[in-house]
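Just passing along the structure, written as structure tokens.
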Amino acid sequence: MLGRKIKVKEMIFIAVMYTFVYGVTTFATKVPVFLSQYALPTIIPATFATILITLLFSQVSAVFFSILISLGVLFITSFQPIPFLFILSSSIAAAIVVEKNDHRIDMVFSSIILSILNIVFMFALSIIVNVDSGFKAFSLFGVALNAFISGIFALGFLTPLESWFNTASIFRLMDLSDTNNKIMKHLIFNASGTYHHSIMVATLAESACRKIGANPILARVGAYYHDIGKIIHPRFFTENV
């Protein structure tokens, strides 16, 4: 369904995120300040979970998670429409917006965009569903703050999660693709032939991946470092002689 084989660690992480969001939502329904169906979405960390899933795995996984968690929220709230529709729309929006990021600083701008979108979603739902009870400025401010904090927190959690899953987010790949980093400079100065060969392979691999719909950045980075071991004894290889 996801177009690829899902790993056990990915399933575990998605299950943990679902349990976390479900648990927070269940607890929030017991707190008087969040009893209103407009106030409840301000505390639900669905955007935070969706961002992490998008960056660590894929946008498709994040969209499936968004659908599942919104249905969970619908059940918890006894089928109230506002929390369900808001979580569904805001989570899918998070998966779409964050997937386009290339650098870590982009997360800040994405968080601002998601904050604005959350305000728009909440205001639109208040008009469409036409349930006036509980709609206050607190709701708009709360969902905007939720989105912004979710983006910043997700960025902070991303690095340790990358290490735990032994995976590379788009941010880590972009860092590795910088040919001005220390190891690539060492390669060009000590094994220039290998360096130019790696650049050529990277260009070919990236072009091929774009044609077949694979991950071009991952292929480019892999090609950059596929012969990095030659840096130890560069003269053993004819391209460096």
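The values are calculated or read from the model by the stated rules, or taken from the named source; none is laboratory data. All values derive from a computational prediction rather than experimental measurement. Every residue, glycine as well, gets a Cβ built from its backbone with ideal geometry; the counts of neighbours run over all protein chains shown. Please note that ligands, DNA and RNA were not included when accessible areas were found on the heavy atoms of the full protein model with its side chains. Shrake-Rupley method; radii C 1.70, N 1.55, O 1.52, S 1.80 Å.
Filtering the range 5-23 down to residues that are at pLDDT 95 or above and buried (at least 16 other Cβ atoms within 10 Å of the Cβ), which residue is nearest to the chain's Cα centre (by Cα)?
Among those residues, the one meeting the criterion is M17.
Further question on the same structure: Determine the pairs where a residue that is outside any helix (DSSP H, G or I), located within the range 228-241, has a partner that is among the aliphatic types (A, V, I, L, M) with Cβ atoms under 8 Å apart, the partner being 6 or more residues away or on another chain.
F237/A191
A follow-up question, please. List the pairs whose first member sits in the range 166-178 and is among the aliphatic types (A, V, I, L, M), whose second member is open to solvent by 40 Å² or more (accessible area, probe 1.4 Å) and assigned to a loop (DSSP other than H, G, I, E, B), and whose Cβ atoms are under 7 Å apart, counting only residues at least 6 apart or on separate chains?
I170/D102; M174/D102; M174/H103
Right, here's the next one. Give the number of residues within the range 60-89 that are touching a residue at least 24 places away in the same chain (Cβ under 8 Å), within 18 Å of A124 (Cβ to Cβ), part of a helix (DSSP H, G or I) and open to solvent by 40 Å² or more (accessible area, probe 1.4 Å).
2
Now for a different question. Keeping to the range 18-33, report how many residues are in contact with a Pro (Cβ under 9 Å, 6 or more places away or on another chain) and not polar (S, T, N, Q).
Narrowing the range 18-33 to residues in contact with a Pro (Cβ under 9 Å, 6 or more places away or on another chain): 20-21, 24-25.
Subsequent filtering for residues that are not polar (S, T, N, Q) retains 20-21, 24.
The number of residues fulfilling the criteria is 3.
List the number of the failed condition for E162; all other conditions in (1) of a type in the set (D, E); (2) free of Cβ contacts under 8 Å to residues at least 40 places away in the same chain; (3) closer than 30 Å to P41 by Cα hold.
Checking E162 against (1) of a type in the set (D, E); (2) free of Cβ contacts under 8 Å to residues at least 40 places away in the same chain; (3) closer than 30 Å to P41 by Cα, the one that fails is (2).
Next question. Being open to solvent by less than 20 Å² (accessible area, probe 1.4 Å) and in a helix (DSSP H, G or I) is the filter here; which residues of the range 171-192 pass it? Explain how you work it out, then say what you get.
Taking the range 171-192 and keeping what is open to solvent by less than 20 Å² (accessible area, probe 1.4 Å), we get 171, 173, 177, 184, 187, 191.
Of everything in the range 171-192, those that are open to solvent by less than 20 Å² (accessible area, probe 1.4 Å) and in a helix (DSSP H, G or I) turn out to be F171, L173, M184, L187.
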